[in-house]
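**Student:** I have a structure here, written as structure tokens, and I will follow up with some questions on it.
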Amino acid sequence: MIPAMIKLSVVVPVYNEEESLRELVQKITASVQTLALRDYEIIFVDDGSRDGSFAVLRELAAADPHVKALRFRLNYGKAAALYAAFQLARGEFLVTMDADLQDDPEEIGPLLAKLQEGFDLVSGWKKKRRDPLEKRLPSKLYNFVTSLVAGVRLHDFNCGLKAYRRDVYQTLRFHGEMHRMLPVLAHWNRFRVTEIPVQHHPRKFGRSKYGFDRYYKGFLDLITITFLQRYTKRPLHIFGLIGLLVGLLGAVPLGYFGYQWLATGQLHVRPLLVLGLGAILIGLQILFFGLLAELITHTGARNDYQVSEKLNLE
């Protein structure tokens with residue numbers, strides 16, 4: 001039986017955030033109750049928390065049927081948490097946010113209002129970001145490069161606050177750590193994507209779960225989705241082009257050594273040149289294996305997560 005359509009789903013991935021959950025539910029509830037909604041649900045996905053986060057969610061779900069929760073046995077990452085929630089959500093519109101209270105639930109209204117203007121995905125922009133400089137500078141570089149490559153101009157791809165129409169969030173296919181790339185995937189699928197400035201508060205409890213590694217992982221994800229988008233159906237076009245370029249690169253020294261051998265009858269092989277060419281070929285082979293692995297992962301089974309408990313979910 002298909003569940004009845006509701007108006008709004010609010011999705012919150014959780015990882016070791018027990019101190020913030022009660023306040024967050026209060027703020028989300030207060031925010032959505034000011035809107036003219038038929039109904040709403042708040043879906044928490046506990047991504048293998050090691051603290052008392054799910055005990056708090058169990059308490060909140062017992063007190064309010066709008067609060068729903070899913071618990072992973074292990075920590076699978078934010079993308080898996082979002083993907084699982086997207087499959088369970090019933091809202092015509094869906095809003096995502098982080099659980100650490102840095103995202104403000106009062107932004108739900110402005111995000112939905114922007115969707116009403118005809119956009120399909122609205123991403124938050126932490127214009128006044130409450131993070132240290134060592135996090136803001138790499139983020140600016142990452143956002144600039146991603147905008148340049150993806151063809152969609154956003155200031156903050158990594159902002160947890162985003163709003164989606166139902167036909168967007170139900171059709172997005174992603175895995176690994178591609179949650180940062182959801183606006184890119186939506187844009188490439190011809191959905192209308194935009195952004196609005198949102199409030200960003202200092203962290204009240206705990207510490208950030210993300211380090212510097214999220215930036216290089218983000219760049220690798222950008223390479224992955226670019227490859228999958230453009231060459232999934234025709235991988236020979238990219239591999240053939242690179243192979244031809246490498247072949248031409250190798251033909252230059254070979255031509256020089258061939259001419260030397262014909263002209264002088266002697267052949268001098270320089271170890272540094274051999275090592276350099278070998279390093280290039282090995283690096284390309286590693287890249288090819290990585291892209292082929294991503295291709296297999298993308299077309300095969302993914303998001304194979306284990307669920308240990310559900311609250312208020314059919």
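Only the coordinates and a few stated rules stand behind these numbers; no lab work does. These numbers come from a predicted model, not from an experiment. Reconstructed Cβ throughout: ideal geometry from the backbone, glycine too, with neighbour counts over all protein chains shown.
**Student:** I want to check the label-to-label distance for residue 223 and residue 140. Put each point 7 Å from Cα in the C-beta direction and report it in nm to one decimal.
**Tutor:** 2.6 nm
**Student:** Sorting 168, 14 on the 10 Å Cβ count, fewest up front, what's the list?
**Tutor:** 168, 14
**Student:** Same structure, new question: Which residues' amide hydrogens lie under 5 Å from the amide hydrogen of residue 11, considering only partners 5 or more residues apart or on another chain, with H built in the peptide plane?
**Tutor:** When sequence neighbours closer than 5 places are left aside, the close amide H contacts are 43, 95, 96, 97.
**Student:** Sticking with this structure for a sec: Return, for the Cα atoms of region 1-95, the radius of gyration and Dmax in Å, separated by a comma.
**Tutor:** Rg, Dmax (Cα atoms, Å): 12.9, 38.
**Student:** Toward the positive end of the charge dipole of region 1-100, about the Cα centre and with charges on Cβ (Lys, Arg +1; Asp, Glu -1), which of 21, 99, 62 goes farthest?
**Tutor:** In region 1-100, that residue is 62.
**Student:** Mind listing the phi-derived Karplus ³J(HN,Hα) values for region 156-167, rounded to whole Hz, using 6.51, -1.76 and 1.60 with θ = phi - 60°, and x for any glycine or proline?
**Tutor:** These are the phi-based 3J(HN,Hα) values: 8, 5, 8, 5, x, 7, 8, 10, 10, 7, 4, 5 Hz.
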